[in-house]
Amino acid sequence: MPCRVRRDGANAEEDSSISMSSNTDVSLSSYDEGQGSKFIRKAKEAPFVPIGMAGFGAIVAYGLYKLKNRGNTKMSLHLIHMRVAAQGFVVAAMTLGMGYSMYKEYWVKPKP
């Protein structure tokens, strides 16, 4: 095993002052907030994300409700329609969110 040498010439293995820091009481503000407050903060930053999540959940719930009385429609076709509807809603929410953030960034932001 090679011997590590400090700048002052002493061996690092012989010096007990060199040790890894085990300070675990360092806390960052992002780790201190709870899940609810983090979700609220993120929703204020990007309001269309929770709208997309809620729409996705609503379409999935509607699809499950309509699954019982889908009539003559095949199961695979019903599931494909529900998947396309849910994905379309999420893509629309993402597009609107991007437009909203561009609007805030380029039109509403005051000129320096």
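The values are calculated or read from the model by the stated rules, or taken from the named source; none is laboratory data. These figures come from a predicted structure and were not determined experimentally. Here Cβ is always computed from backbone atoms with ideal geometry, including for glycine, and neighbour counts include all displayed protein chains. Note: areas computed on protein heavy atoms with side chains; ligands, DNA, RNA excluded. Shrake-Rupley method; radii C 1.70, N 1.55, O 1.52, S 1.80 Å.
Spacing of the modelled spin labels on ASN72 and SER37, each 7 Å from Cα toward Cβ, amounts to 5.9 nm. Cα-based values for the stretch 47-96, radius of gyration first and Dmax second, are 12.0, 39 Å. Averaged per residue, the stretch 28-112 has 82 square angstrom of accessible surface, using a 1.4 angstrom probe with ligands and nucleic acids left out. Straight-distance candidates among the lysines for linking to LYS44, with alpha-carbon spacing under 21 Å and chain neighbours fewer than 8 residues away dropped: LYS104, LYS109.
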